[in-house]
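A.B. asks: Sharing a structure with you now.
The values are calculated or read from the model by the stated rules, or taken from the named source; none is laboratory data. Computed from a predicted structure; not experimentally measured. All Cβ positions, even for glycine, are placed from backbone atoms using ideal geometry, and neighbour counts span all protein chains on display. Accessible surface is based on the protein model in full, side chains and every heavy atom, while ligands, DNA and RNA are left aside. Shrake-Rupley method; radii C 1.70, N 1.55, O 1.52, S 1.80 Å.
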Amino acid sequence: MGVKIGSSRDVPRRLAQLSCKGGPLRDVKLIGTIPGGKDVEFLVHRYFKPERWGRSEMFTLSDRLAETVRQWCADDGPAAA
């Protein structure tokens, strides 16, 4: 299973765009949000480099990624972890 890690100013709109019929991510489910913009997105992408699919925003849902995202969502982001 893959996870997309990205940033958006309008999360509901972005989810709708990703789940458009015929798109590659038809069954999109939001698993969490953390505050921040492109700078935080860049740091999160670097942190999960071992799970990253090339240069995309897609990542393998490893145990490490799942647990870290759960913790960050509970704590309001990676800066609090």
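A.B. asks: Report the Cα-based extents of the chain along its three principal axes, largest first, to the nearest Å.
C.D. replies: Taking max minus min along each principal axis of the Cα atoms, the chain gives 37, 25, 20 Å.
A.B. asks: Evaluate the distance, in nm, between pseudo-label points positioned 7 Å from the Cα of Ser19 and of Lys49 along their respective Cα→Cβ axes.
C.D. replies: Using points 7 Å along Cα→Cβ, the separation is 3.4 nm.
A.B. asks: Hey, rough spin-label estimate for Leu30 and Glu67, points 7 angstrom out along Cα→Cβ, what's it come to in nanometres?
C.D. replies: 2.7 nm
A.B. asks: Can you work out the Karplus-derived ³J(HN,Hα) for every residue in the stretch 29-37? Use 6.51 cos²θ - 1.76 cosθ + 1.60 with θ = phi - 60°, whole Hz, and x for glycine or proline.
C.D. replies: With the stated coefficients, the stretch 29-37 comes to 10, 7, 9, x, 9, 9, x, x, x Hz.
A.B. asks: Residue separation times 0.36 nm, minus the C-alpha to C-alpha distance between Ser56 and Asp76: what's the value?
C.D. replies: Extending this stretch completely gives an extra 4.8 nm.
A.B. asks: Only sites in a loop by DSSP and with at most 16 other Cβ atoms within 10 Å count here; which trypsin sites (Lys or Arg not before Pro) in the stretch 1-67 make the cut?
C.D. replies: Within the stretch 1-67, the qualifying trypsin sites (Lys or Arg not before Pro) (loop, at most 16 other Cβ atoms within 10 Å) are Arg9, Lys21, Arg26, Lys29, Arg55.
A.B. asks: Out of the total accessible area of the chain (probe 1.4 Å, heavy atoms of protein only), what percent is carbon and sulfur?
C.D. replies: 54 percent
A.B. asks: May I pose another question? Taking only protein heavy atoms into account and a 1.4 Å probe, give the accessible area per residue of the chain in Å².
C.D. replies: Details: 6050 Å² over 81 residues.
Result: 75 Å² of accessible area for each residue.
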